[in-house]
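Here the structure comes first, spelled out in structure tokens, and everything after it is commentary.
Computed from the coordinates by the stated procedures, all read-outs in this text should not be read as laboratory data. Given the structure is predicted, the values throughout are model-derived calculations rather than measurements. Because the Cβ atoms are built from the backbone with ideal geometry, glycine has one as well, and the counts that use them run over all protein chains shown.
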Amino acid sequence: MPYIQFLGAAGTVTGSKHLINTSGDALGKTGTQVLVDCGLFQGQKEWRERNWQDLPISAKDIECLILTHAHLDHCGWIPRLVKQGFRGPIYATPATVDLCSIILPDSGHLQEEDAEFHNRHKTSRHDPALPLYTLEESQACQQYFKPVGFGETKQISPELSFRLVHAAHILGSSMAEITLTTNGKTQRMLFTGDIGRVRDQNIAPGKVVYSGPQSGEDADVVVMESTYGNRRHPTDDPRAELAELIKKTVDRGGSVVVPAFAVERTQKFVFMVKELMESGQTPRVPVYCDSPMAIKAVEIFLKHAEDYSDATKQLIGRYGSPLKWRGFNFVQTAEESKKINDSQSPCIIISSSGMVTGGRIQHHLARRLPDPKNTVIFIGFQAPGTRGFTIKSGAPEVKILGQMVPIRAQVAAIEQFSDHADTPELLEWLHTFTRKPGVTYLVHGEPSASSQLRDAMTKELGWNVQVAQWMQKVEIS
Ligand SMILES: [Zn+2]
């Protein structure tokens, strides 16, 4: 009997990795093995250690990888998969392919930096500490990527084909509709990847992509994310709050530090700050986008205008490329990055990683957190176990780069920037399905979010919903 096995993002929001085995052969030697997403586990050590485990089948026997989008928790394990012998095609939308070409090397670079840091400071129980993969290994993966346009049907083997449809989560993001025919029976599976927000710009201000998630889906088996399965996003416009936070911080001589993922979230935030400065709602202070890949990310964004919302198109029409704006600095080298530390006058620093799990944001926070004049603004989800989660939850101190750093700066969070649908939005989307699926498995959520969404779906839609468990195999019957 064919089955799906949940190799990640079960009981947590990271490490998305789902294996489809069409023959039911646990060794994966017969039939077709397809992996949907290949993400990195992030956050607590217990999760991160899973990045070092081998797959239950040989990577060589996996026919192909279908990638829903370019976030690390969905694509960041690809170099490891290739390192283990995977040589098949990696199918993704053209924008996802382009974004992975900067995100994976950056991740390889960070893995190397982390290992180096642990070796220098003897802070790992492994001697020497090794990177999960290197910059070079992540660059070598690029040859396996094969772009597939939205709506195009791709036949993988006689029994299995797939099509990518809009997920409306980030640029290029998709859901995978997979059709499987075995023993004369055809079944449709839908892997949602991460589900974006509704079209309405007033509800989701700053939304970059034009669509909402594909409506009118029809599937026998749904594997669905549940990040915000127990949350409702605020529906008020965040711009006034953001303007106020920046203004007050600058008035008291402080700086604003924003941990943000370098792709999409940074661009979205930068455009919003530009608008606030142009309209006089915030003072014009220098803005530093300090991420080695922010420049390339801007270029990829400008190249893939086909996915944009009208609001994004208008913003780009009005202001052009952020790389050319006066007062906005895109920082390339580590030396330039460190120089920002010397700046005594107020500024805005946007740097990655978004959950403070690594990257240059660490030294900016180590420098700015102890001073109450400064403000840290979170504009993204902070997974438990990450430094971002610790800072956001009001802890008095946090360990950064091996040192305990006191948290005296103001800490704020603006939730409206989310690229994930909240519970009412998820239910609204599920209502558009043309029939009840036989079964829905919830993945990519903290246990309480997944179970609350399961209860809401059962009550409101009458669907058969189960919360997926890590390594669980479920038959597709
Ligand atoms: Zn995502």
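Quick rundown of the values:
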read-out: When the convex hull of its Cα atoms is projected in every direction, mean area for segment 124-280 (nm²); value: 16.2
read-out: SER157-SER279 FRET efficiency (beta carbon distance; Förster radius 60 Å; 0.05 resolution); value: 0.60
read-out: Computed lengthening from LYS45 to LYS399, 0.36 nm per intervening residue step minus Cα-Cα distance; value: 126.0 nm
read-out: In order through segment 213-224: 3J(HN,Hα) via Karplus (6.51 cos²θ - 1.76 cosθ + 1.60), integer Hz, x for Gly, Pro; value: x, 3, 9, x, 6, 8, 8, 8, 10, 10, 10, 10
read-out: Inter-probe distance in nm under a simple model that places probes 7 Å from Cα toward Cβ, at LYS459 and MET1; value: 3.1
read-out: Amide H contacts under 5 Å for ASN329, placed H, 5+ residues apart; value: VAL287, TYR288, CYS289
read-out: Cα-centre dipole for the chain with unit charges at Cβ (Lys and Arg positive, Asp and Glu negative), debye to 20; value: 800
read-out: Sorted largest first, extent of segment 203-311 alpha carbons per principal axis (Å); value: 58, 33, 25
read-out: Model label zone, ASP251; criterion: amide N under 15 Å from point 7 Å along Cα-to-beta-carbon; scope segment 269-304; value: 281-284
read-out: Pairwise centroid distance, computed over Cα atoms, of segment 169-201 with segment 438-470, Å; value: 17
read-out: Whole-Hz ³J(HN,Hα) from phi, Karplus 6.51 cos²θ - 1.76 cosθ + 1.60, for segment 371-377, glycine and proline x; value: 9, x, 5, 7, 10, 9, 10
read-out: Anisotropy class of the chain from Cα gyration tensor, a/c 1.5 cut; value: prolate
read-out: Positive dipole terminus of the chain, leading residue within ASN119, THR153, GLY354 (C-beta point charges); value: ASN119
read-out: Shape box of segment 286-425 [Cα atoms, principal axes, largest first, Å]; value: 45, 43, 23
read-out: Interchain or long-range residues, amide H under 5 Å from CYS64's placed H; value: LEU35
read-out: Built amide H within the under 5 Å cut-off of THR182, gap 5+; value: GLN187
